[in-house]
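Undergrad: What follows is a structure written as structure tokens; I'll ask about it next.
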Amino acid sequence: MTETLELDGCYIPSEDIVAREIEGEIILVPLTTGFSDDPEALFTLNETGKAIWNRLDGKLTIEGIADSLCEDYEQEKADILNDVRRFAEELLSRRMIVKVA
């Protein structure tokens, strides 16, 4: 059963993921068995992905992350929230983030 992303939910990186910064890029590596055969198992984050990933601290909600990014980028909040939501949904579907209880 796939978990649904909650905009008012707080999320953190899964304990089954290791994030490494290499030459300015963050690479997410799953630690769970079976992922290594999947060519899409490794996740390389662009600047926007890094900005979102670094805010997944269990304190900010998804909407709060978008608000925080609005302070750094000159874009409409609706556009930023849509980008954050889509990225977080992808991470959640891959079990790379988990909701804080």
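The values are calculated or read from the model by the stated rules, or taken from the named source; none is laboratory data. Just so you know, these numbers come straight off a predicted model, no measurement behind them. Cβ atoms come from the backbone with ideal geometry, glycine included; neighbour counts cover every protein chain shown.
Undergrad: Given the residues R55, R20, which is the only one that is modelled with pLDDT of 90 or more and either in contact with a strand residue (DSSP E or B) (Cβ under 8 Å, 6 or more places away or on another chain) or in a helix (DSSP H, G or I) (or both)?
TA: None of the other options fit; the residue is R20.
Undergrad: Another one. Report the residue count in segment 5-17 for those that are more than 13 Å from the chain's Cα centre (by Cα) and modelled with pLDDT under 95.
TA: Going through segment 5-17 one residue at a time, the tally reaches 2.
Undergrad: Pull up segment 64-92, narrow it to residues that are at pLDDT 95 or above and loosely packed, with under 12 Cβ neighbours inside 10 Å, then point me to the one that is farthest from L5 (Cα to Cα).
TA: Filtering segment 64-92 for residues that are at pLDDT 95 or above and loosely packed, with under 12 Cβ neighbours inside 10 Å, the one farthest from L5 (Cα to Cα) comes out as A78.
Undergrad: Please state which of the following conditions T48 fails to meet, knowing it meets all the rest: (1) free of Cβ contacts under 8 Å to residues at least 40 places away in the same chain; (2) out of contact with any helix residue (DSSP H, G or I) (no Cβ under 8 Å at 6 or more places or on another chain); (3) in a helix (DSSP H, G or I).
TA: (2)
Undergrad: Residues to consider are E40, E47; find the one that is modelled with pLDDT under 95, under 15 Å from the mean Cα position of the chain (by Cα), at negative phi and of a type in the set (D, E).
TA: E47
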